[in-house]
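Below is one structure, written out as structure tokens, with a few remarks after it.
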Amino acid sequence: MEVGTKDHAELAEIFNKDEERVNWHDETLWWIRAKRDKSVHQLPEWEALREAASNVKFNVLSHLNTYLEQFEAAAKANGVIVHWAADAKEHNEIVHGLLKENKVTQMVKSKSMLTEECHLNEYLATHGIEVIDSDLGERIVQLAGEPPSHIVLPCIHKKKEEIGDLFHMYLGTPSNMADPQFLTETARGSLRETFLTRKVALTGVNFAIAETGEFVVCTNEGNADMGAHLADVHIACMGIEKLIPKREHLGIFLRLLTRSATGQPITTYSSHFGKPREGQQMHLVLVDNGRSVQLGRKDFRNSLKCIRCGACMNTCPVYRRSGGHSYHTAVAGPIGSILAPNLDMKKYADLPFASTLCGSCSNVCPVKIDIHDQLYKWRQVLVKEGYAPTGKKIAMQVMATTLASPTLYHAAGKMGRATIKYAPFAVNNKLNAWYKEREMPAPPKESFGEWYAKNKK
Amino acid sequence: MRVGLFVPCYVDQFYPGAAIATLELLEKLGVEVVYPKNQTCCGQPMANSGFEHLTGGCNRLFIDNFSGFDYIVSPSGSCVLHIREHLHDDKRPEQAKEISHKVWELTSFLTDVLKVESLPARFPHKVGVHQSCHGQRGLHLSSMTELVAPSFSKPGSLLNMVKDLELIELERKDECCGFGGTFCVVEEAVSSKMGKDRVADHLKHGAEYITGADMSCLMHMEGILKRQGSKVKVLHIAEILNAE
Amino acid sequence: MSSRDKILAAVAQNKPEAMPLPHIAPFKEIGYTDVIGQYETVLTAIGGKVHRVNNWDEIKTIVKEKYNAQNVRVLSLVPELDDVATSAYEINPAAHHLADVELALIKAHFGVAENGSVWVTEELLGHRAVPFICQHLAAVITSSNLVDTMHRAYMRIGLETYGWGAFIAGPSKTADIEQSLVLGAHGPRSMTVFVLQD
């Protein structure tokens with residue numbers, strides 16, 4: 001990632017240098033939010049479905065080890081080879097090991113945010129393995145050398161002209177050709193060749209069923225299936241939190257997932273992988289990578305309910321105006337901001353602050369994760385763990401002392417109305433940030449307290 | 001009925017008009033209102049910045065000032081939400097709990113406790129309502145566009161009682177204005193952009209005034225309006241409900 | 001200690017206290033009065049096509065009109081439709097030889113009215129790749145085999161075992177380029193469902 005050491009605010013500021021583009025990004029995602037609204041309002045039982053999904057996931061988290069063992073046993077009985085990875089490194093090594101075993105140096109991969117989280121492509125590249133992402137959006141960002149900016153819509157930040165330029169450079173389309181139909185047709189041709197020539201295909205997993213040992217992969221393009229059904233080896237990678245207890249629970253989750261994500265009633269393909277094809281190897285990698293730690297954080301564990309629909313991103317007024325890359329982590333937006341600090345508090349200390357706590361994310365979440373409350377709680381944890389900037393610490397201490405004393409408060413208020421120095425929103429060493437695009441309130445001649453003393457008592 | 005008037009610090013300092021209107025409106029409706037003069041701030045600015053552990057002083061002061069009232073009413077959804085969710089005192093846990101249950105945001109106090117059905121107010125203007133997030137999504141002052149639930153609006157129902165007032169429709173009924181406490185300076189770029197977009201929606205639909213139940217959002221939008229040289233003004237909802 | 005045991009131990013250590021599995025029975029009661037109409041509306045809205053037909057001959061006529069004039073490969077997995085196909089499916093563990101199939105004709109177990117999908121399992125398909133690798137897909141369901149919702153769908157599937165199964169709802173599609181909808185991302189460019197009156 002090129003973002004280096006810049007924090008969310010700095011990256012968002014860069015994104016906001018092009019206001020027209022911000023408007024376009026905001027409108028595009030708002031349109032998807034509107035499609036979601038239209039779709040969910042057709043189901044009177046929507047809120048009950050969310051409640052049920054949330055409770056099923058609570059049950060999963062509270063029996064996760066049992067379900068994992070049940071799933072493993074059932075999957076093995078189905079002929080699936082199950083692997084366990086404690087962290088990203090082990091996950092990458094397992095995948096690489098399977099490729100070596102099968103003597104291949106090329107692989108086709110459908111969408112898997114877990115492999116983004118583990119930086120699998122980069123790892124395999126350093127070991128001489130070429131991975132081609134087959135989801136169109138992922139293929140586009142891969143050609144651009146960028147990570148996805150959205151978990152469901154990987155290249156939502158790219159304009160069609162930029163995609164046209166990439167295709168011109170890498171896939172030989174005519175220059176200045178930006179017609180989505182034409183570009184998609186080109187990618188179809190190029191990727192079909194890939195599907196027909198790869199021996200190993202990797203897919204993600206949307207849901208895994210403890211009861212039956214099967215796993216479900218949802219796509220609109222059909223790319224996961226094209227990869228898996230044409231390859232000799234299918235590797236599926238999943239976080240351990242993707243389990244659900246029974247097959248019948250898919251009824252709830254498949255109704256919620258795509259309506260929340262894009263407003264569609266279901267993805268085009270909801271593939272249930274039970275057993276390998278005759279002669280095929282099917283591997284499943286169960287990955288922890290911090291999830292068991294998050295499970296132990298009482299205030300944050302239910303972030304593990306997430307089914308990766310992306311609705312919180314589409315609705316987030318900050319995400320829409322800062323872009324996915326400003327979150328400098330694989331899973332961007334509100335949900336990413338409560339997941340990432342679990343992995344690295346120092347690196348992601350900025351993310352829980354990249355929110356106004358408006359609460360829209362929690363309202364659209366199909367599994368009712370209290371995202372905005374967790375953002376608030378992460379702020380408390382991060383400050384206590386020492387990840388607040390010194391200037392802010394001092395300012396907050398001064399403010400707390402002032403506000404805890406009526407005498408100091410009244411004195412400061414008098415002074416403040418002249419200098420606006422103690423306004424809560426100006427407590428920060430970036431004192432001028434407000435003025436950049438906003439005027440200060442006109443200070444009145446007297447405070448309410450002073451008026452009341454004169455007029456009422 | 002004896003009501004303690006809780007005036008948020010920034011309203012006290014910068015928008016005394018909103019507090020005066022709240023006081024006059026409540027008195028007009030026959031409520032005995034007392035303003036405890038040693039109140040300062042609910043502590044939210046620290047808490048939302050991750051410094052909830054520094055809010056002990058504010059909490060103690062709040063309990064000292066607001067014990068013994070039948071209700072505590074404030075013209076700010078955000079500050080009320082903070083008290084409801086976070087007021088605590090290790091030495092007086094019961095008192096803190098009792099107070100946090102007695103705190104009401106002004107418009108819901110009018111609709112739910114006083115059950116106001118008519119107001120003598122007149123305000124002959126086109127008005128846009130800003131749904132402040134904490135009041136709406138936190139205190140449920142209005143239905144939320146994300147949820148599949150019946151639609152309602154407590155501030156809206158009150159504004160409908162005001163003679164000659166015309167409410168305008170917005171494209172995005174309940175999008176955040178981007179104030180967000182310290183967010184407005186820490187994330188200046190996004191905050192300003194959100195404010196500009198919110199204001200633009202009101203301007204596009206012909207608002208002469210933008211109102212709401214939270215002065216902090218209105219302050220943010222006022223800052224944008226003034227910078228743009230707009231003649232459109234912000235007014236706290238109490239000032240409209242109290243207008244004659 | 002293996003990673004497996006480490007993970008299971010950490011999860012056991014950190015998991016919250018037991019929460020019960022909710023009862024999901026109430027969802028089974030939700031339904032539509034005009035199931036076929038609902039199915040048709042939804043599948044059409046997501047880019048698919050529905051033909052209500054009374055017998056196999058009607059399906060054949062529609063297929064012939066569209067495909068037999070062209071010199072293209074029509075693959076049939078439906079014995080009743082074999083005479084409009086250029087080839088019946090021959091068992092082969094690889095699917096690469098199917099890359100030139102223009103139209104694949106398949107049977108599906110049932111359709112789901114709320115989302116326009118059909119449920120298929122591999123024994124209906126010859127090869128799992130069939131409904132993906134073809135340029136166009138047509139599935140046949142009988143009109144009594146429509147369920148209202150996904151809850152009903154899973155009640156119907158029950159605990160039946162299958163190697164692979166899928167809900168397929170419409171043609172392969174993408175909107176990854178500026179949210180412009182394009183049909184035929186990797187798989188079929190069109191999907192037709194014949195609802196056969198029974």
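The values are calculated or read from the model by the stated rules, or taken from the named source; none is laboratory data. It should be emphasised that the depicted structure is a prediction, and the values quoted were computed from it without experimental measurement. Using ideal geometry, Cβ is built from the backbone for each residue, glycine included, and neighbour counts are taken over all protein chains shown. These accessible areas exclude ligands, DNA and RNA; they are computed on the full protein's heavy atoms, side chains included. Shrake-Rupley method; radii C 1.70, N 1.55, O 1.52, S 1.80 Å.
Relative contact order of segment A:43-289, please, whole-number percent, based on alpha carbon pairs below 8 angstrom and at least 6 residues apart.
For segment A:43-289, the relative contact order is 28 percent.
Two decimals is fine: what's Rg over Rh for segment A:144-187, C-alpha atoms, Kirkwood radius as Rh?
Value, to two decimals: 0.97.
With charges set only on the Cβ (+1 for Lys and Arg, -1 for Asp and Glu), what does the dipole of chain B come to about its Cα centre, in debye to the nearest 20?
Dipole magnitude for chain B comes out near 300 debye.
Check the straight Cα-Cα distances from residue C:6 and name the lysines below 17 Å, setting aside those fewer than 8 residues away within the same chain.
Cross-link targets: A:89, C:15.
Is there a simple number for the mean count of other chain Cβ atoms within 10 Å of the Cβ of residues in B:35-45, and what is it?
5
Under the rule of at least 5 residues apart or a separate chain, name every residue whose amide H is placed under 5 Å from the amide H of residue B:76.
Placed amide hydrogens put B:106 under 5 Å from residue B:76.
Quick check: the distance between the Cα centres of segment B:142-188 and segment C:127-198, to the nearest angstrom?
42
Using alpha carbons only, how many degrees (0 to 90, rounded to 10) separate the axis of helix A:88-101 from the longest principal axis of chain A?
Approximately 20 degrees, to the nearest 10.
Out of the trypsin sites (Lys or Arg not before Pro) in segment B:179-244, which ones are loop residues according to DSSP with at most 12 other C-beta atoms within 10 Å?
Qualifying residues, ordered by number: B:231.
For chain A, what is the percent of antiparallel DSSP beta bridges, rounded to the nearest 5?
Antiparallel bridges make up about 25 percent of those DSSP assigns within chain A.
If you take every DSSP beta bridge fully contained in segment A:43-289, what fraction is antiparallel? Give it as a percent rounded to 5.
Close to 25 percent.
At a Cα cut-off below 24 Å, give the lysines reachable from residue B:226, other chains included and same-chain residues fewer than 8 away excluded.
Residue B:226 reaches A:17, A:414, A:421, A:430, A:436, A:445, B:126, B:173, B:193, B:196, B:204.
Need one number for segment A:31-182: average projected area of the convex hull over its C-alpha atoms, nm².
13.0
Looking at the P(r) of chain A, how many percent of alpha-carbon pairs lie beyond 33 Å?
Percentage above 33 Å: 42.
For segment B:1-31 and segment A:339-396, write down the distance between their C-alpha centroids in whole Å.
33
By how many degrees, between 0 and 90 and to the nearest 10, does the Cα long axis of helix A:180-197 differ from the longest principal axis of chain A?
For helix A:180-197, the angle is close to 50 degrees.
Tell me which DSSP H helices of chain C clear both cut-offs, 30 Å or more of axial length from alpha-carbon atoms and a mean Kyte-Doolittle hydropathy of at least -0.5.
none
When only Cα pairs under 8 Å and 6 or more residues apart are kept, what is the percent relative contact order across segment B:126-241?
Rounded, it is 31 percent for segment B:126-241.
Treat every Asp and Glu Cβ in segment C:1-153 as -1 and every Lys and Arg Cβ as +1, leave all other atoms uncharged, and give the resulting dipole magnitude about the Cα centre to the nearest 20 debye.
Magnitude of the dipole: close to 460 debye.
Can you give the mean number of other chain Cβ atoms that lie within 10 Å of the Cβ atoms in peptide A:311-321?
Counting Cβ atoms of other protein chains within 10 Å of each residue's Cβ and averaging gives 4.
Find the sum over both chains of the accessible area lost when A and B are paired, probe 1.4 Å, and report it in Å² to the nearest 100.
6800
Could you work out the mean projected area of the convex hull around the alpha carbons of segment A:43-289, in square nanometres to one decimal?
Average projection, Cα convex hull of segment A:43-289: 13.5 nm².
Identify unpaired cysteines across chain A, taking unpaired to mean no other cysteine Cβ lies under 4.7 Å from the residue's Cβ.
A:118, A:155, A:218, A:237, A:306, A:309, A:316, A:365
Sticking to Cα atoms, compute the Rg of segment C:13-110 to one decimal and its Dmax as the biggest Cα-Cα distance, whole number, in Å.
21.2, 67
At most 15 other Cβ atoms within 10 Å and a DSSP loop assignment: could you name the trypsin sites (Lys or Arg not before Pro) in segment A:69-120 that fit?
Passing sites in segment A:69-120 are A:103.
Calculate how many DSSP beta bridges within chain B are antiparallel, expressed in % of all such bridges and rounded to the nearest 5.
Counting only bridges with both partners in chain B, antiparallel ones make up about 10 percent.
Placing unit charges on C-beta atoms (Lys and Arg positive, Asp and Glu negative, everything else neutral), compute the dipole magnitude of segment A:97-217 about its Cα centre in debye, rounded to 20.
Charge dipole of segment A:97-217: 320 debye, to the nearest 20.
Using the Karplus curve 6.51 cos²θ - 1.76 cosθ + 1.60 with θ = phi - 60°, work out ³J(HN,Hα) for each residue of segment A:385-397 in order, rounded to whole Hz, and write x for Gly and Pro.
7, x, 9, 8, x, 4, x, 5, 4, 5, 4, 5, 5
I'd like to compare A:46-55, A:198-207: which one has the highest average count of other Cβ atoms within 10 Å, and what's the full order after that?
For the peptides A:46-55, A:198-207, the packing ranking is A:198-207, A:46-55.
Report, ordered by chain and residue number, the aspartates and glutamates lying within cross-link reach of residue A:246, taken as a straight Cα distance under 16 Å and ignoring same-chain residues fewer than 8 apart.
Counting by Cα, and skipping residues close in sequence, residue A:246 has these aspartates and glutamates nearby: A:69, A:72, A:211, A:214, C:160.
Can you give the average number of partner chain beta-carbon atoms within 10 Å of each beta-carbon in peptide C:107-117, as a whole number?
3
Along the charge dipole of segment B:105-244, Cβ charges K/R +1 and D/E -1, which of B:135, B:220, B:203 sits furthest on the positive end?
Of the options given, the answer is B:203.
Roughly how far apart, in whole Å, are the Cα centres of segment B:98-115 and segment A:204-229?
For segment B:98-115 versus segment A:204-229, the Cα centre distance is 51 Å.
Report, in deg cm²/dmol and to the nearest 500, the calculated mean residue ellipticity at 222 nm for chain C, where each DSSP H run with n ≥ 4 adds -39500 (n - 2.57) and the sum is divided by the residue count.
-6000 deg cm²/dmol
Given 10 Å bins starting at zero, what is the percent of C-alpha pairs of the protein assembly as shown in each, up to the one with the largest pair distance?
Spelled out bin by bin, the protein assembly as shown gives 2, 12, 21, 23, 18, 12, 8, 3, 1, 0 percent.
5 Å is the cut-off here: which amide hydrogens, built 1.01 Å from N in the peptide plane, fall below it relative to residue B:130, excluding neighbours closer than 5 in sequence?
B:211, B:212
Of A:75, A:249, B:162, which is farthest towards the positive pole of the protein assembly as shown's charge dipole, taken about the Cα centre with +1 and -1 on the beta-carbons of Lys, Arg and Asp, Glu respectively?
B:162
Cα-based Rg (one decimal) and Dmax (whole number) for chain C, in Å?
Cα radius of gyration and Dmax of chain C are 20.2, 67 Å respectively.
So for the pair residue C:19, residue B:97, with labels modelled 7 Å out along Cα→Cβ, what separation do we get in nm?
2.4
What is the angle, in °, between the Cα long axis of helix A:250-261 and the longest principal axis of the Cα atoms in chain A? Nearest 10 is fine, range 0 to 90.
60
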